[in-house]
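As structure tokens, the structure follows; a few thoughts come after it.
Values in this text are rule-based calculations from the coordinates and carry no lab data. Since the model is a prediction, treat every value here as computed from it, not as a measurement. All Cβ positions, even for glycine, are placed from backbone atoms using ideal geometry, and neighbour counts span all protein chains on display.
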Amino acid sequence: MGSLENCHEKLRAILGSGIEPVEVLRIADEYRHFWRPENVKTILLAESHVYTSREEVALTIELPANISSSAPKSFVRLVYCLGYGEDDLLQKPINHPKNSGTWQYWQVFHSCVNRVACNEDFAAVQKTRTPDVCQRIQNKLQLLDQLRQNGIWLVDGSLAALYLPGGNKLMPEIMEWALQASWDFYVGEQVVQAKPEQIICIGNGVRRSLESRLKKVCSCPITTIKQPNSRMSAQERLQTFKTYFEICSGSR
């Protein structure tokens, strides 16, 4: 497999000196590998995690005393990290930029293994509906375990973050180059070795940037679903949740 450090250098040429430190990429990759199923059936191919600073990645996740997990403990703005969006698990809260998490991806995760009929179905992983942090984190861990058992794996197309928390998106061509460089020098080989039965591209940008590369090495079905934070009607959003379940459960 290509070197993560080499890929970081290739991405530096695209993203500039403001790229995250390589240790952030290592931690994010460690999380992805920890939650990788033994037998991958479905890959959720997203754009990237969110920019994480050197100071943030030095923070340690501290789970409630009654919860045990061997998952990585360093902080990174990646949905697989239990501290992302959960300041109660950190040694100190992150106030700037705010540690808001990506709750939309918890909805995606839930939809992959549960048939969704309404927003109340996400209550187990939502702060507003499950305010008890111990119960909520336990629910999130159970969901991550269920995803792994069902062969569902989230992979970021770009090894480095393409988003600043609360910041503007990069120019489309920059994002495309970063996705393609990450694929060519690291991510593509991970996907090929996983031998997925199907791939869901989360967002048209991922599909457009990587379609030719995906088709060269993957003979499995490839579906594109809008990004979870895209503007959609309530009916459209509900249909995307149903589509995740249908694909991942094999009922489609």
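Tell me yes or no: at least one residue of segment 132-144 is of a type outside the set (Gly, Ala, Ser), in contact with a strand residue (DSSP E or B) (Cβ under 8 Å, 6 or more places away or on another chain) and under 25 Å from residue 43 (Cα atoms). Even if it seems obvious, please write down each step before you answer.
Taking segment 132-144 first, the residues of a type outside the set (Gly, Ala, Ser) are 132-144.
After this cut, where a residue has to be in contact with a strand residue (DSSP E or B) (Cβ under 8 Å, 6 or more places away or on another chain) as well, the list is none.
Within segment 132-144 (the criterion being of a type outside the set (Gly, Ala, Ser), in contact with a strand residue (DSSP E or B) (Cβ under 8 Å, 6 or more places away or on another chain) and under 25 Å from residue 43 (Cα atoms)), the answer is no, since none of the residues qualifies.
Within the group 179, 170, which residue is more than 17 Å from the chain's Cα centre (by Cα), surrounded by 14 or more Cβ atoms within 10 Å (Cβ to Cβ) and closer than 14 Å to residue 47 by Cβ?
Result of the check over 179, 170: 170.
Would you confirm, using the coordinates I've provided, whether residue 64 is under 14 Å from residue 144 (Cβ atoms) and in a loop (DSSP other than H, G, I, E, B)?
no
When residues of segment 190-217 are filtered for being in contact (Cβ under 8 Å) with a residue 60 or more places away in the chain, more than 20 Å from residue 162 (Cβ to Cβ) and either in a helix (DSSP H, G or I) or of a type in the set (Asp, Glu) (or both), how many remain?
3
Just one of (1) within 17 Å of residue 105 (Cα to Cα); (2) not in a helix (DSSP H, G or I) trips up residue 247, so point out which.
Unmet condition: (2).
Can you name every residue in segment 13-25 that is more than 12 Å from residue 53 (Cα to Cα) and surrounded by 16 or more Cβ atoms within 10 Å (Cβ to Cβ)? Working first, answer last.
Residues of segment 13-25 more than 12 Å from residue 53 (Cα to Cα): 13-17.
14, 15, listed by residue number.
Limited to segment 94-124, what total is found for residues that are part of a helix (DSSP H, G or I) and of a type outside the set (Ser, Thr, Tyr)?
So in segment 94-124, the residues part of a helix (DSSP H, G or I) come out as 103-113, 119-124.
Imposing the further condition that a residue be of a type outside the set (Ser, Thr, Tyr) reduces the set to 103-104, 106-110, 112-113, 119-124.
Qualifying residue count for the region: 15.
Could you figure out which of (1) part of a helix (DSSP H, G or I); (2) among the β-branched types (Val, Ile, Thr); (3) surrounded by fewer than 19 Cβ atoms within 10 Å (Cβ to Cβ); (4) touching a residue at least 24 places away in the same chain (Cβ under 8 Å) isn't true of residue 224?
Only one criterion in (1) part of a helix (DSSP H, G or I); (2) among the β-branched types (Val, Ile, Thr); (3) surrounded by fewer than 19 Cβ atoms within 10 Å (Cβ to Cβ); (4) touching a residue at least 24 places away in the same chain (Cβ under 8 Å) is unmet by residue 224, namely (1).
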